[in-house]
1. For chain B, calculate the relative contact order in percent as a whole number, restricting contacts to Cα pairs under 8 Å that are 6 or more residues apart.
2. Give the order of A:1020, A:1054, A:257 when sorted by the count of other beta carbons within 10 angstrom, beginning with the fewest.
3. What's the percent breakdown of Cα-Cα distances in segment B:3-139 across 5 Å bins, shortest bin first?
4. Just order A:636-644, A:355-363 by mean Cβ neighbour count inside 10 Å, highest at the front, would you?
5. Taking other Cβ within 10 Å of each residue's Cβ, how do A:1167, A:673 sort, fewest first?
6. First measure r as the distance between the Cβ atoms of residue A:230 and residue A:80, then evaluate 1/(1 + (r/R0)^6) with R0 = 41 Å and state the FRET efficiency to the nearest 0.05.
7. Quick check: convex hull of the Cα atoms in segment A:1044-1177, volume per residue, rounded to a whole Å³?
8. Arrange A:1178, B:125, A:209 by Cβ neighbour counts within 10 Å, fewest through most, would you?
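Here, each number is a calculation from the coordinates, and none is a lab measurement. These numbers come from a predicted model, not from an experiment. Note that we place each Cβ from the backbone using ideal geometry, even for glycine, and neighbour counts take in every protein chain shown.
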């Protein structure tokens, strides 16, 4: 709006113009009487002055009834300072004249009273040209006796007042002012009345002046002019028509001003309108502008009676026009009615237009700069009131262009006022910009007395406009604004704070800058960190809010990202110290184990935070957290006093110090002790870096950590130290149990046993009240129990183990192994004829007439699939011939003290490595009938797998030496398996109980009886080998177990003994008498008793064709349909041998093939009388 | 031609800033930042006349001693601001308008880039050189 012709009309004069702009003016001030309230004398305290000032300024509009009975509203404006020069513009705008003076002073003595009076008088003189009246409020010395009546009546005359109030003090004779005497502590009830009376007085003077002026003949009025215009009219023809008109116009405008001040708005509007017309015609721009402004001011007074100075409300940007506030104002307005009636009233839009015109006109005169500035502010305020932010902004923008020679202080004030109005219209950025300019003015080189403190305060206010919040947390969350500018502004702020001597604030702001602007700082700016270090030397930063004198709180700034934490891991305790819960029996949770319904399903979708640790910490024991820190700065710095921040239970943290190399990661472990049991929350850590103490909370860190980590702390538990008597093993295992505290290794020959002593020491201060020892292997339980044995009784005797005490228990170890060869695996269900591979080392000389016994190889080996007893070994100990290694864990669970109460314990594990070295091995076995019927021979091929000489004791008093790596065959006499063990199978025949079961029982029977004691003579190791798991085929079984049939064979009437040799002559008749007794509990059916003669050529050929060699009288077969238990069946026959030779008789009893009644007495089962009878015929 | 161009996001945070003279960048940033107040006010739905118009070009925002600022707001409230030297009288409103339209289409292309994360500051060198070309009038 400032036209390019702005300076054309203005004369460049050096004449003093109005040089003290009043930025606070509003358009309503055009209607106000200007009264100066002055603090005089040195006695009065500023506080008291302010108190009375505040009371007086409340009287800013007074209703006065004029001579015609009309009520007029008179506005009053009180100011504290008024430069005399401003009065010079009083002709141009009458409201600039100071017409009233109230001075407030205090005295204690006559001298002081005189001085106060003198000052008042001198003030009167100063403003003499415009002053209408004055008052002087005086506070006398405190009196003992109050006389409120006197005082409240006020003083009509100074003399009378003094008489009754303070007799001693008399105001000087030249003091002609009406003085008001008060006691500064008293309520001074009539003060307001006195002031109103004073205003009344002023009004009447004004009114009289107005009337006087209005009665003047318009043609005859003298020319009014603004201070700088005086020169312009020199030499001009004052009598010209043009000039006459100019005089009239100016006077009309002047009358408008007076009417406005006198409360006659309608009249003033009329005058202004007339003035505009007249002045327009004579191109008197300055006064035309004044008339426009007056017109606007008067209209604004009608339209916006409530327009207030320093409006404190901030316009909300989104508030629609005609907001509730405005609406309410207009409805309550009394003037609404009169609005329409007043002619020449400007519409709201017009006001701005008129102001704009006025400003344009003013701008044509350089000397009217102040007026223009003030008009701009007034217009802006009206625009604010009208809610026209853009208009206000353009008025304010104009202010900046007005070229005024102002003092620095006034420039600052101008910017502050601008900022204030910008703030009102919601232009926060612009406001911030102005505040910043104001701030820089405070310390500009032109400013003779720079004030860094004020500069700092203004800078601080400008932060919000740049979207800088003081709280770094909110700041980071908001994440807005212009980083480049923000960095600059913060740096300026820091400089201001530093220069102002607020070193704590400087440190704080620098911390803030580094914390919030970290991502935007380039490497050069990272040097700021060094600045911070030097700043913090003066004042160490600490995480406490700083409160400024103005009440602004600067929240703490924490350097959470210097150093940058990249990982934050809570460490579990060392495995053997980890508390575990003591298993309890499961509680009955009712029939519902699972429900798909999630109660509180609202947070179902929330991502689960892994903030709750699934491990436990123990009270009074060191807990650790590993923090990985990265130094983002290009230089090395030290982070000291790092501690954990926790909440929940009491936690004692150990301070740590770390030096971080540039751009390098370092791992720090922060530790401490929980001093209570319960839930512990770890929320972050505190650091002392770059001279700043920071509380780095996890939730505010750049890396997304959960807000806290929670860990349960359980009551304290004892600690046990474990030692073994065996040497430690060289290597640890594949077992992934980390609670291993020690290890023990040993090697055992198969069958050897030894002991290991485990020593326990309680190193804590808590007695151990619970102790459980268990062995863990991957072996089957039975085998494991065979190898490892712990005497639980012995363990339980240890308790309680008091602090610093030791105890021990033993573990028995046995080198269990399968001593039997595994090399051929055959299922017993396969007929063993097929099993007659080239195994012929133990050729039997068993004669047999049946097809069953035709096999040469009857030795058979064990097979793996059959015996469950062997199963464990076979799966693990692959072969007895090779050495193997067994790994086992001895778990010691212990607890005590308060931790035991909370059902927690610890586990220490001893790791055992047992190397099993083969000792002896049974490669083959067979059974042979012994000489005695109740015994049999177990023939074993025993191989010494060691390299040493071995002494083998295989039966009582039977020893044998086996050289290393050699084998030998030993017969072990064994009792036959009594039928009582097997009776079940005879009595309850069922298919399910198979041969395998019988086999198992027999095998057990044998292994119980056969113990092969071996001694290695060189090393004195000894051990016992068993034939556990031996398998037998059915032929063997028949030998092993007692026969269910008891045989009795008589030859020629004599009972036949096995050891006897029968000799007879050819042709002799030999009588064979046999009886079969059933020794079972059940009866046998359909038995066939058969006698068969044959010759064994001892070359594997058996000749059964005996027809030509002998003759039998009597039947060779007898059918026994039923043989009751304990019954006996007899048979008799005679035989005659024709030719000499060796004959053998096979007597057998068998069941027919089709009879499948029992499993044991199964179809085709044959019982033989063993050994076969051998007869030598001569 | 123009001395400075800026792209400001919906939340009034800078997306892109380019200045012919890098030394003056800071002062131009202040100026552009201050102009946002005016743009905001213009876009304020309370000022009906402003929101009614479909015109993206806001025209002249305000002028300072040395420069004039022009604004342009896309439908997604992305603000484009061009600073023109006040001494430059050859540049007419229509030139500015076409300059804005070019920047706008460049910006649209930029946002279409699948590797650009919307809302992030634009760092593309190609984009930078194109915008510089537009404001200096070489494109």
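1. 29
2. A:1020, A:1054, A:257
3. Pair shares across the bins are 2, 10, 22, 24, 22, 13, 6, 2, 0.
4. A:355-363, A:636-644
5. Values: A:1167 20, A:673 17.
The fewest-first ordering by Cβ neighbours comes to A:673, A:1167.
6. Values: r = 30 Å, r/R0 = 0.73.
E between residue A:230 and residue A:80, to the nearest 0.05, is 0.85.
7. Normalising the Cα hull of segment A:1044-1177 by residue number yields 115 Å³.
8. Ordered by Cβ neighbours within 10 Å, fewest first: B:125, A:1178, A:209.
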